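Just so it is clear, none of the values below were taken in a lab; they were calculated from the coordinates. The shown structure was predicted, so the numbers you read here are calculated from the model rather than taken from an experiment. Here the Cβ positions follow ideal geometry from the backbone for every residue, glycine too, while neighbour counts run over all protein chains shown.
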Amino acid sequence: MDSSFCKAEKIWINARLATMDPAHDEPFGMLDRYAIGVQNGRISLIVPQDTLCFSENPAEIIDASGLIMTPGLIDSHTHLIYGGQRAAEFSQRLTGSTYADISRAGGGILSTVRATRALSEAELVEQSRPRLEALLAEGVTTVEIKSGYGLRIEDELKMLRAARTLAADYPVRLRSTLLAAHALPPEYSGRADDYIELICHELIPQVAQEGLAEAVDVFCEPIAFSLAQCEQIFDAAQAAGLGIKAHVEQLSNSQGAALAARFDAWSVDHLEYLDEIGIAALKDSGTVATLLPGAFYFLGETRKPPVEGLRKAQVPLAVASDLNPGSSPLASLRLMMNMAAVLFGLTPEEALQGTTCHAAAALGLGEDVGMLKVGMAADMLLWKIDDPAQLTSEFGVNRLQQRIFAGEVQNA
Ligand code: DI6
Ligand code: FE
């Protein structure tokens with residue numbers, strides 16, 4: 001008997017594994033006719049089908065019937081906790097106002113801040129529930145959620161607690177990110193540096209101490225915070241032992257990506273205005289470049305992120321939803337994969353890497369999730385598809401046969 005066999009409580013046989021593990025040469029890290037086993041919530045066994053011994057079978061056997069299994073999908077950038085909605089601004093933009101115009105006039109992020117502050121934690125959880133459910137139904141097993149619509153201590157903490165409370169109701173891994181530097185709160189008008197002080201000296205230490213977030217994010221943009229202000233926040237995040245993520249080069253070029261890379265950021269996100277200097281800074285940095293095609297599409301942007309340059313520099317690319325009420329009210333990671341391919345030219349394999357292994361790295365979870373690999377969490381999806389490229393080419397058809405979270409089969 002294969003000694004490895006006993007290491008699994010449950011084994012899927014007859015599976016085609018799109019492992020996304022670069023150790024395997026085939027596209028998508030494909031292993032055909034393999035068996036995959038799980039034990040204590042982790043992947044414990046990946047072996048060719050015909051080396052399995054059935055005679056002394058201690059495990060539950062599930063026949064995958066030749067279907068394709070992938071790692072669970074990871075949405076590494078969302079703002080899905082918020083109050084209200086901004087459909088009126090969508091209409092305004094269709095008749096000529098820009099996102100920046102609306103923001104300068106006190107709408108935009110600040111209108112969601114007003115709506116979010118007005119809700120209790122419980123109300124915030126309920127308003128956000130359908131958005132998380134939409135992601136999970138498509139196969140998301142790890143989600144990042146940012147604060148950033150509270151902009152004062154009690155409301156930023158309320159958002160982070162709401163994220164924890166909401167995610168605890170579902171089979172999903174949560175990574176929370178403090179994005180207090182999303183916009184200048186009205187109380188601090190003309191006193192941006194005082195607000196930065198509050199974030200660095202009060203909010204970040206408190207969030208770290210209470211374990212309410214794993215990372216800190218900033219919006220580095222003339223309509224938000226300067227490079228120097230972002231640097232202060234990165235310093236404080238690093239001192240508190242938190243990961244760093246950054247919204248950079250979305251609407252203009254502030255050289256935010258290069259700054260974040262110097263701080264060993266987990267990811268830099270958006271990147272439409274990233275230039276050669278930024279690409280050179282990201283090269284070999286370990287920082288993931290996260291593309292957010294939903295915001296590009298929804299804001300009708302025309303300037304695309306420099307995908308070819310990033311590819312040449314071998315910067316890992318993630319793809320995420322940026323799910324938020326203003327620039328990407330689009331609760332579908334599969335749609336983002338399709339948009340990343342059609343709008344930005346990613347291959348279907350790059351799009352799936354962007355929502356599995358590279359998305360994991362963008363959350364500091366590269367050793368834990370995002371591949372079918374022994375030792376990783378057993379977050380796995382079984383799909384009724386013939387080719388993993390279908391996960392990027394198709395949209396709107398639910399071909400998820402089985403969702404497995406931490407080794408437990410959730411549904412059919
Ligand atoms: N960039 C974005 O696209 C979102 N936040 C950010 O920093 C927009 C958030 C919003 O409009 O509510
Ligand atoms: Fe965002």
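For the reader, a short list of remarks on this structure follows.
- Model label points for residue 97 and residue 193, set 7 angstrom from Cα along the Cα-to-Cβ axis, are 3.2 nm apart.
- Our note on the geometry: Cα centres of the range 327-342 and the range 233-285, 22 Å apart.
- The relative contact order of the range 223-266 comes to 39 percent, based on Cα pairs under 8 Å that sit 6 or more residues apart.
- The chain, relative contact order [Cα under 8 Å, separation at least 6], %: 18
- Pairs with C-alpha atoms separated by more than 30 Å, drawn from the list 146/283; 7/245; 245/312, are 7/245.
- Between helix 227-239 and the chain there is an angle of about 50 degrees, using the helix long axis and the longest principal axis of the Cα atoms.
- Sequence-distant aspartates and glutamates (8 or more away, or on other chains) whose Cα lies within less than 20 Å of residue 304: 221, 249, 269, 272, 275, 276, 322, 349, 350
- Remark: spin-label model distance residue 63-residue 105 equals 6.3 nm, labels positioned 7 Å along the Cα→Cβ axis.
- Loop-resident sites, the range 180-262, for trypsin sites (Lys or Arg not before Pro), counting at most 15 other Cβ within 10 Å (DSSP): 191
- Semi-axis lengths, largest first, of the ellipsoid equivalent to the range 73-362 are 25, 21, 20 Å, with √(5λ) applied to each eigenvalue of the Cα gyration tensor.
- On Cα atoms only, tilt of 333-344 relative to the major axis of the chain in degrees: 70
- Helix-derived mean residue ellipticity, 222 nm - over the chain, DSSP H n ≥ 4, -39500 (n - 2.57), to 500: -9000 deg cm²/dmol
- Sites residue 23 and residue 397, calculated FRET efficiency, Cβ-Cβ separation with R0 45 Å, nearest 0.05: 0.90
- All aspartates and glutamates inside 19 Å of residue 158 as judged from Cα atoms, apart from same-chain residues fewer than 8 positions distant: 121, 123, 126, 144, 169, 187, 202, 210, 214, 217
- Full extension of the chain segment joining residue 374 with residue 228 gains 48.3 nm, where the gain is 0.36 nm per residue of separation less the Cα-Cα distance.
- Environment charge of residue 309, counting only residues whose C-beta is closer than 15 Å and scoring Lys/Arg +1, Asp/Glu -1: -2
- Restricting the range 50-120 to chymotrypsin sites (Phe, Trp or Tyr not before Pro) in coil, as DSSP defines it, with at most 14 other Cβ within 10 Å: 54
- Summary of the geometry: the range 374-412 and the range 168-194, compared by the centres of their Cα atoms, lie 32 Å apart.
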